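A.B. asks: Provided herewith is a single structure, encoded as structure tokens, for subsequent inquiry.
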Amino acid sequence: MKYRRLGKTGLKVSVIGVGTWQFGGEWGVSYTQEEANAVLRRAKEVGINLIDTAECYGDHLSERLIGEFLKQDKREDWVLATKFGHHFNGLFERDQLWSAVDVKKQLEDSLRALQTDYIDLYQFHSGTDEAFDNDELWTMLDKEVQAGKIRHLGISIGSNDNLHQTAAAAKVNASAIQVVYNRLDRAPEQRVFPSCIEQDLGVLARVPLASGYLSGKYKPDAAFVATDVRSRHDAEQRRAKLEEVERIRENELPAGMDMAQWALAWCLRHDAVTCVIPGCKTPEQVDANAAAARYASDLHPQAWKEA
């Protein structure tokens, strides 16, 4: 495993993290505690130290599964990132909760679910610019930072070209940006990444496998069960993306290289990106994702920055 500095947080994080939306039950699988433990245990064994979750991956369900695991492990070995702004009502149904009062309650609920006294990175979760431009919210969060319940603030931008929120990171005392970035969606390269580099913001690249489409497992006519969020994607757009994946496989994938590992390493070759956070359904997927770390420097040596 390789590690990079997460911007001005100073935190040393593995270049491969663990995304845990799948633990909330919206990727076609429901998890027992032992199944979640197996994924997280294997992540630690291969050197991964960053877990990314959210309040609305289930009603704090993903956080509770992580919290039970952390109770048996060493909390201080992990960089724990979660998010705020939504309340889970059912599969793919959320309420928007952005007031300072609502978010303070979410923070307490997340701390309780995660069975921890502090969150390393607490992220504004894909909210509108109107919700973001709320001084009362950020004043409350700063107080929670001072109280030690939050180590660092972050912004998970909903639009991967949202320069309004990215450029305001310093103003709201945020130290990291989370953004959709992958070989099929390169929009952050134009405006978001230059702003992150200028401000020394850590960057967590989410959906680095393009919702699994870049894993190389799916043909253009692939279908997904109703409990899998991908079943809600526009069918024609899904087909077009998978056809593009076939072209990438033929024209860009180095001979003999696993496509998913190449896709993760492709993200890491950019100067701005600190860490990719693919979801991992099984310990075997953890192994496959972690293996991508050794390829990143081969694809773009000058972009490699070890902590």
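The values are calculated or read from the model by the stated rules, or taken from the named source; none is laboratory data. Predicted, not measured: the structure shown is a model, and the values here were computed from it. Cβ atoms come from the backbone with ideal geometry, glycine included; neighbour counts cover every protein chain shown. Side chains included, ligands, DNA and RNA excluded: accessible areas come from the protein's heavy atoms. Shrake-Rupley method; radii C 1.70, N 1.55, O 1.52, S 1.80 Å.
A.B. asks: In terms of the Cα gyration tensor, with a ≥ b ≥ c the square roots of its eigenvalues, is segment 1-150 rounded because a/c is under 1.5, prolate because a/b exceeds b/c, or oblate?
C.D. replies: Working: a/c = 1.79, a/b = 1.24, b/c = 1.44.
It is oblate, given that a/c is not under 1.5 and a/b is not larger than b/c.
A.B. asks: Now for a separate question. For segment 98-147, what size does the Cα cloud have along each of its three principal axes, sorted from largest down, in whole Å?
C.D. replies: Sorted largest first, the three principal extents are 32, 21, 18 Å.
A.B. asks: With a ≥ b ≥ c the root eigenvalues of the C-alpha gyration tensor of the chain, is it rounded (a/c under 1.5), prolate (a/b larger than b/c) or oblate?
C.D. replies: On the way: a/c = 1.38, a/b = 1.28, b/c = 1.08.
The shape class here is rounded.
A.B. asks: Here's another thing I want to ask about it. Output ³J(HN,Hα) for segment 5-16: one whole-Hz value per residue in order, computed from phi by the Karplus curve 6.51 cos²θ - 1.76 cosθ + 1.60 with θ = phi - 60°, and x for Gly and Pro.
C.D. replies: 3J(HN,Hα) across segment 5-16, in whole Hz: 7, 7, x, 7, 5, x, 5, 9, 10, 5, 5, 10.
A.B. asks: On to the next question. Could you do me a favour and compute the accessible area per residue for segment 59-178, 1.4 Å probe, result in Å²? If you can, show how the numbers build up before the last one.
C.D. replies: Values: 5150 Å² over 120 residues.
Ligands and nucleic acids excluded, the result is 43 Å² per residue.
A.B. asks: Where the only charges are on Cβ atoms (+1 Lys, Arg; -1 Asp, Glu), what is the dipole of the chain about its Cα centre, to the nearest 20 debye?
C.D. replies: Details: 38 positive and 46 negative charges, 149 e Å.
Dipole about the Cα centre, nearest 20: 720 debye.
A.B. asks: Show me the ranking of peptides 43-49, 144-150 by mean Cβ neighbours inside 10 Å, starting with the highest.
C.D. replies: Values: 43-49: 18.9, 144-150: 14.4.
Packing order, densest peptide first, comes out as 43-49, 144-150.
A.B. asks: Additional query: Give me, ordered by chain and number, the residues 5 or more places off residue 123 or on other chains with an amide H under 5 Å from its own placed amide H.
C.D. replies: Here the answer is 82, 83, 84, 154, since their amide H atoms fall under 5 Å of that of residue 123.
A.B. asks: Right, here's the next one. By how many nm would the segment from residue 94 to residue 12 grow when fully extended, if each residue of separation counts as 0.36 nm and the alpha-carbon distance is taken off? Walk me through the numbers before you get to the answer.
C.D. replies: Values: separation 82, 0.36 × 82 = 29.52 nm, distance 3.26 nm.
Fully extending the segment from residue 94 to residue 12 adds 26.3 nm.
A.B. asks: Is it possible to state the helix-based mean residue ellipticity at 222 nm for the chain, with each DSSP H run of 4+ residues giving -39500 (n - 2.57), the sum divided by total residues, to the nearest 500 deg cm²/dmol? What is it? If you can, show how the numbers build up before the last one.
C.D. replies: Working: 11 runs with 111 residues, N = 307.
Taking each H run of at least 4 residues, the total per residue is -10500 deg cm²/dmol.
A.B. asks: Another question, if that's okay. How long are the semi-axes of the equivalent ellipsoid of segment 46-127, defined as square roots of 5 times the Cα gyration tensor eigenvalues? Whole Å, largest first.
C.D. replies: On the way: eigenvalues 96, 33, 26 Å².
Taking √(5λ) for each eigenvalue gives 22, 13, 11 Å, largest first.
A.B. asks: Taking springs between alpha-carbon atoms closer than 10 angstrom, which of 163, 40, 121 fluctuates most in the Gaussian network model of the chain?
C.D. replies: Comparing 163, 40, 121 in the GNM, the peak value goes to 163.
A.B. asks: Ignoring ligands, DNA and RNA, please state the percent of accessible area on the chain from carbon and sulfur, probe 1.4 Å.
C.D. replies: Details: 6020 of 12880 Å².
Reported share for carbon and sulfur atoms: 47 percent.
A.B. asks: What order, most packed first, do the peptides 168-181, 243-256, 102-115 have when packing is the mean number of other Cβ atoms within 10 Å of each residue?
C.D. replies: Values: 168-181: 21.4, 243-256: 12.0, 102-115: 18.7.
Ranked by mean Cβ neighbours within 10 Å, highest first: 168-181, 102-115, 243-256.
A.B. asks: Return the single residue from 11, 268, 61 with maximal mean-square fluctuation; model: Gaussian network over the chain, springs between Cα atoms under 10 Å.
C.D. replies: Judging by the Gaussian network model, the answer is 11.
A.B. asks: If I take every Cα pair under 8 Å that is 6 or more residues apart in the chain, average their sequence separation and divide by the length, what percent do I get for the relative contact order?
C.D. replies: Working: 609 pairs, mean separation 69.3, N = 307.
Rounded, it is 23 percent for the chain.
A.B. asks: Which entries of 44/171; 2/281; 2/71; 12/241 have Cα-Cα distances beyond 24 Å here? Mind dumping the intermediate values first?
C.D. replies: Working: 44/171 34 Å; 2/281 22 Å; 2/71 26 Å; 12/241 34 Å.
With Cα atoms farther than 24 Å apart: 44/171; 2/71; 12/241.
A.B. asks: Here is a follow-up. Net charge around residue 75, counting only other residues with Cβ within less than 11 Å of its Cβ (Lys, Arg = +1; Asp, Glu = -1)?
C.D. replies: On the way: positive: 71, 74; negative: 73, 76, 77, 117, 120.
Charge balance in the 11 Å sphere: -3.
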